[in-house]
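Engineer: I have a structure here, written as structure tokens, and I will follow up with some questions on it.
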């Protein structure tokens, strides 16, 4: 498997691993195709992502994609996070092997799921 | 950094005595064995010496040994060569669903040409059942091809029984013995084999050379057309140097195989015991007794195989995985799937294969690192957190 140094670096020392206490946005996704599972935890305050953590069951591409995404997410507005595409994650990693692109797509989906969760929670509050 | 090689089923390092023999052949046996002059005859001597030692090791006649480019060519030849030679008699072949891809893809190729293939299932240990085989046999069955030992799980198949059935029914029987050679006693008559695939690089010989055993009287179509080499059945100038090395590798087996097997078993059992005692949620795959002495296949729950393999690699430890993420196809290996390993475990399917140069110290280092890595990966795995406690 031809992984970039950046992928290996994030795989070896992933950033922001674990459940985030007090998270108010949680996204859980799984890839039916390869069996990977991913959870994205966000703490959003005043429309800004203050903190992000993840848990992932998967290969080096899935773990490094999750790690890079949490780094990117911190400080983003909700709108910016909504627009976070998997290509950005791939770019940050210096590229991923073709058959591993779906791992970065899974991260994008996890972020989307977390933001949907956040909106759902807020709607409930407003009622 | 340390380099601990635990992937002997993938390939083996070439033994020093083998390299010496090859070096000798490089210097002396540069001729073409088909030339009748002095230099040609000398080269031919190296080829025939290898043929004789291989034949005697498996209880065959030297005229029943055909040198090839390796296991894949042997498998292709056995399947297609038999299919083409016997197509008037029938177009049905029986094999198993856990064969090497050289067998499976050859069979799929024949299916496109109107042949019918029965892929026998295996039980949870990876064994084919004799009852299933008997049921699958038809009037038009021309070939049964079942591997002697599975390369991933290490499970040994009931070759002798299968051979007896094939013989009784007048069906040709081929076995891919690439993984078994050197680890399992092989006798072509006792096993009723008509054809067998052998490879050099799995037994500490050079890569790119193998041999096919074809019983006297069994006719299959040639695979390579050209010159009259190999009793007019396999054309192409002999790969003299590698054949000489292959012969030397078998000679070493002939003299020492029991010692090696005892060593493999001791090291493998130690590895197995340490892992099962010190890491939880580990499942042993394959058959506990009917298995290759050097193979340990386990599924580590809640850990993904590629992540595990890469982490071990960073510590200088080389193993193999059947996980989906490492296959490029997004599916776990066909063998792991055939054994119906559970969802939480199948992705962590890992193969350790020990060899002549593996020591107890290597295993201690490996298990110590493995424990750290499994703990690290599980700490970030949502499936581990949600396991059924």
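Quick grid of which residues meet (1) touching a strand residue (DSSP E or B) at 6+ places or on another chain (Cβ under 9 Å); (2) closer than 30 Å to residue B:142 by Cα; (3) in the same structural domain as residue B:142 (by TED's automatic domain parsing):
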{"site": "B:25", "(1), (2), (3)": "no, no, yes"}
{"site": "B:35", "(1), (2), (3)": "no, no, yes"}
{"site": "B:55", "(1), (2), (3)": "yes, yes, yes"}
{"site": "B:59", "(1), (2), (3)": "no, yes, yes"}
{"site": "B:62", "(1), (2), (3)": "no, yes, yes"}
{"site": "B:74", "(1), (2), (3)": "yes, yes, yes"}
{"site": "B:78", "(1), (2), (3)": "yes, yes, yes"}
{"site": "B:81", "(1), (2), (3)": "yes, yes, yes"}
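Engineer: Which pairs do you get when a residue that is touching a residue at least 12 places away in the same chain (Cβ under 8 Å), found in the stretch B:154-168, comes within reach of a residue that is in a helix (DSSP H, G or I) and surrounded by fewer than 21 Cβ atoms within 10 Å (Cβ to Cβ), reach meaning Cβ atoms under 6 angstrom, with the pair 6+ apart or on two chains?
Structural biologist: Sorted first by the residue in the stretch B:154-168, then by its partner, the pairs are B:161/B:130.
Engineer: Of all residues in the stretch A:1-20, count the ones that are surrounded by fewer than 14 Cβ atoms within 10 Å (Cβ to Cβ) and farther than 24 Å from residue A:114 by Cα.
Structural biologist: 2
Engineer: Identify, from the list B:276, B:237, the residue that is farther than 29 Å from residue B:143 by Cα, more than 14 Å from chain A (Cβ to nearest Cβ) and either touching a residue at least 40 places away in the same chain (Cβ under 8 Å) or crowded, with 24+ Cβ neighbours inside 10 Å (or both).
Structural biologist: Details: B:276 fails: either touching a residue at least 40 places away in the same chain (Cβ under 8 Å) or crowded, with 24+ Cβ neighbours inside 10 Å (or both).
Residue meeting the stated conditions: B:237.
Engineer: Continuing with the same structure: Would you mention how many residues in the stretch B:357-387 are part of a loop (DSSP other than H, G, I, E, B) and surrounded by fewer than 19 Cβ atoms within 10 Å (Cβ to Cβ)?
Structural biologist: Within the stretch B:357-387, the first condition is being part of a loop (DSSP other than H, G, I, E, B), and the residues that meet it are B:357-359, B:380-381, B:386-387.
Pick out the ones that are also surrounded by fewer than 19 Cβ atoms within 10 Å (Cβ to Cβ) and you get B:357, B:359, B:386-387.
So the count comes out to 4.
Engineer: Which ones in the stretch B:43-61 are under 19 Å from residue B:252 (Cβ atoms) and part of a helix (DSSP H, G or I)?
Structural biologist: Within the stretch B:43-61, the first condition is being under 19 Å from residue B:252 (Cβ atoms), and the residues that meet it are B:46-60.
The answer is B:46, B:47, B:48, B:49, B:50, B:51, B:52, B:53, B:54, B:55, B:56, B:57.
Here is a yes/no grid of residues against (1) buried (at least 24 other Cβ atoms within 10 Å of the Cβ); (2) outside the structural domain of residue B:283 (by TED's automatic domain parsing); (3) more than 20 Å from residue B:87 (Cβ to Cβ):
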| position | (1), (2), (3) |
| --- | --- |
| B:99 | yes, yes, yes |
| B:112 | no, yes, no |
| B:116 | no, yes, no |
| B:122 | no, yes, yes |
| B:138 | no, yes, no |
| B:149 | yes, yes, yes |
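Engineer: Related question: For the stretch B:344-356, which positions are surrounded by fewer than 23 Cβ atoms within 10 Å (Cβ to Cβ), within 14 Å of another protein chain (Cβ to nearest Cβ) and touching a helix residue (DSSP H, G or I) at 6+ places or on another chain (Cβ under 9 Å)?
Structural biologist: We begin by selecting, within the stretch B:344-356, every residue surrounded by fewer than 23 Cβ atoms within 10 Å (Cβ to Cβ); these are B:344-345, B:355-356.
Those left that are additionally within 14 Å of another protein chain (Cβ to nearest Cβ): B:344-345.
Of everything in the stretch B:344-356, just one residue is surrounded by fewer than 23 Cβ atoms within 10 Å (Cβ to Cβ), within 14 Å of another protein chain (Cβ to nearest Cβ) and touching a helix residue (DSSP H, G or I) at 6+ places or on another chain (Cβ under 9 Å), namely B:344.
Engineer: I've got another one for you. Which residues, taken from the stretch B:311-332, are in a loop (DSSP other than H, G, I, E, B), within 13 Å of chain A (Cβ to nearest Cβ) and modelled with pLDDT of 85 or more?
Structural biologist: So the first thing to find is which residues in the stretch B:311-332 are in a loop (DSSP other than H, G, I, E, B), and the list is B:315-316, B:319, B:322-323, B:327-332.
Those left that are additionally within 13 Å of chain A (Cβ to nearest Cβ): B:315, B:322-323, B:327-332.
Residues satisfying the conditions are B:315, B:332.
Engineer: Assess whether residue A:84 counts as being touching a helix residue (DSSP H, G or I) at 6+ places or on another chain (Cβ under 6 Å), surrounded by 15 or more Cβ atoms within 10 Å (Cβ to Cβ) and over 27 Å from residue B:334 (Cβ atoms). I'd like the intermediate steps shown before the answer.
Structural biologist: On the way: touching a helix residue (DSSP H, G or I) at 6+ places or on another chain (Cβ under 6 Å): yes; surrounded by 15 or more Cβ atoms within 10 Å (Cβ to Cβ): yes; over 27 Å from residue B:334 (Cβ atoms): yes.
For residue A:84, the condition - touching a helix residue (DSSP H, G or I) at 6+ places or on another chain (Cβ under 6 Å), surrounded by 15 or more Cβ atoms within 10 Å (Cβ to Cβ) and over 27 Å from residue B:334 (Cβ atoms) - is met.
Engineer: Where in the stretch A:1-110 are there strands (runs of 3 or more DSSP E), lying fully within it, with 2 or more residues that are within 11 Å of another protein chain (Cβ to nearest Cβ), closer than 18 Å to residue B:381 by Cα and touching a residue at least 60 places away in the same chain (Cβ under 8 Å)?
Structural biologist: Details: elements: A:25-30, A:37-45, A:48-57.
Filter on the stretch A:1-110 gives A:25-30, A:37-45.
The values are calculated or read from the model by the stated rules, or taken from the named source; none is laboratory data. Because the structure is predicted, anything quoted here is derived from the model rather than measured. We place every Cβ from the backbone using ideal geometry, glycine too, and count neighbours over all the protein chains shown.
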